[in-house]
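Presented below is the structure to which this report refers.
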Amino acid sequence: MPTVRSVLVAKGNTVHSTSPTASVREAVDRMNQHKIGALVVMAAGEVVGMFTERDVLRRVVGENRSPADTTVDEVMSGEVVCCGPDAQLDEVATIMKNRRIRHLPVCDDKGELRGLISIGDLNAHRASDQEATIYFLNEYIYGRA
């Protein structure tokens, strides 16, 4: 079964983060700069939250808050679920579906951040597997394999 580690090997383990005391404006600028939809919120080397586009829409824009005067910790999602690098992708997909989240930090046994996996990463991995299966079945059916 494919694991989170296999996705991170292909994707890389670069994770963009922000501090809880950063302004929403600074965090959004960082997200725009890197063309990403979420930042891991880190304090003292630990994952303390996730800051996503959804947080901006619901808790900043939806509540008429000023992005420059609002800090990330005021609007971030604080209940963070992490997975390990050896978690199976089906398990991760179930967690994302049940909790209605799109990003999951990957932490090792010591709780150190090792990567971030998104629903887009899972979809890309599944699409790649399906394309390979279709190719090999086509080759088998038409006798080229």
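The values are calculated or read from the model by the stated rules, or taken from the named source; none is laboratory data. In this text the structure is predicted, and so the values were computed from the model without any measurement. Quick reminder, even Gly has a Cβ in these numbers, built from the backbone with ideal geometry, and neighbours come from all protein chains shown. Ligands, DNA and RNA are excluded from the accessible area calculation, which covers all protein heavy atoms including side chains. Shrake-Rupley method; radii C 1.70, N 1.55, O 1.52, S 1.80 Å.
Cβ separations smaller than 6 Å between residues 6+ apart or across chains give the following pairs from segment 13-30 residues that are more than 13 Å from VAL41 (Cα to Cα) to residues that are at pLDDT 95 or above and in a loop (DSSP other than H, G, I, E, B): ARG25/PRO67; ARG25/ALA68.
When ARG25 is tested against (1) out of contact with any strand residue (DSSP E or B) (no Cβ under 7 Å at 6 or more places or on another chain); (2) at pLDDT below 95; (3) open to solvent by 40 Å² or more (accessible area, probe 1.4 Å), only condition (2) is not met.
Answer with yes or no whether THR14 is more than 23 Å from THR3 (Cβ to Cβ) and hydroxyl-bearing (Ser, Thr, Tyr).
Numbers: more than 23 Å from THR3 (Cβ to Cβ): no; hydroxyl-bearing (Ser, Thr, Tyr): yes.
Answer is no for this residue.
Scan segment 59-73 residue by residue and report those that are among the acidic types (Asp, Glu) and in contact (Cβ under 8 Å) with a residue 24 or more places away in the chain. Steps first, answer last, please.
Here is the first cut: in segment 59-73, the ones among the acidic types (Asp, Glu) are 63, 69, 73.
Correct list: ASP69, ASP73.
Of the residues making up segment 1-13, those that are in contact with a helix residue (DSSP H, G or I) (Cβ under 9 Å, 6 or more places away or on another chain) and part of a loop (DSSP other than H, G, I, E, B) are MET1, PRO2. Can you name the number of the only condition in (1) open to solvent by 50 Å² or more (accessible area, probe 1.4 Å); (2) outside any helix (DSSP H, G or I) that VAL41 fails? Only one criterion in (1) open to solvent by 50 Å² or more (accessible area, probe 1.4 Å); (2) outside any helix (DSSP H, G or I) is unmet by VAL41, namely (1).
Can you tell me which residue is most open to solvent (accessible area, probe 1.4 Å) among those in segment 1-15 that are over 15 Å from ALA93 (Cβ atoms) and β-branched (Val, Ile, Thr)? Write out each step before concluding.
Start the filter on segment 1-15 by keeping residues that are over 15 Å from ALA93 (Cβ atoms), which leaves 5, 8-15.
If we keep only those that are β-branched (Val, Ile, Thr) too, we end up with 9, 14-15.
Working: VAL9: 116, THR14: 101, VAL15: 37 Å².
Per the stated criteria, the residue is VAL9.
Test ARG30 against the stated conditions and say whether it is under 16 Å from the mean Cα position of the chain (by Cα), of a type in the set (D, E, K, R), modelled with pLDDT under 95 and not in a loop (DSSP other than H, G, I, E, B).
Numbers: under 16 Å from the mean Cα position of the chain (by Cα): yes; of a type in the set (D, E, K, R): yes; modelled with pLDDT under 95: no; not in a loop (DSSP other than H, G, I, E, B): yes.
When the stated conditions are applied, ARG30 does not pass them.
Suppose the filter is more than 17 Å from ASN123 (Cβ to Cβ), under 14 Å from the mean Cα position of the chain (by Cα) and not basic (Lys, Arg); does VAL47 pass it? Yes: the conditions hold for VAL47.
Looking for something of a type in the set (Ser, Thr, Tyr) and surrounded by fewer than 18 Cβ atoms within 10 Å (Cβ to Cβ) - is there at least one such residue anywhere in segment 49-56? No, segment 49-56 contains no residue that is of a type in the set (Ser, Thr, Tyr) and surrounded by fewer than 18 Cβ atoms within 10 Å (Cβ to Cβ).
Looking at the structure I just gave you, is ARG65 modelled with pLDDT of 95 or more, of a type in the set (D, E, K, R) and surrounded by fewer than 16 Cβ atoms within 10 Å (Cβ to Cβ)? For ARG65, the condition - modelled with pLDDT of 95 or more, of a type in the set (D, E, K, R) and surrounded by fewer than 16 Cβ atoms within 10 Å (Cβ to Cβ) - is met.
Within segment 77-97, how many residues turn out to be open to solvent by 40 Å² or more (accessible area, probe 1.4 Å) and either over 23 Å from VAL4 (Cβ atoms) or part of a loop (DSSP other than H, G, I, E, B) (or both)? Looking only at that region, the number is 5.
Within segment 98-116, the set of residues being not hydrophobic (A, V, I, L, M, F, W, C) and not in a helix (DSSP H, G or I) comprises ARG100, ARG102, HIS103, PRO105, ASP108, ASP109, LYS110, GLY111, GLU112, ARG114, GLY115.
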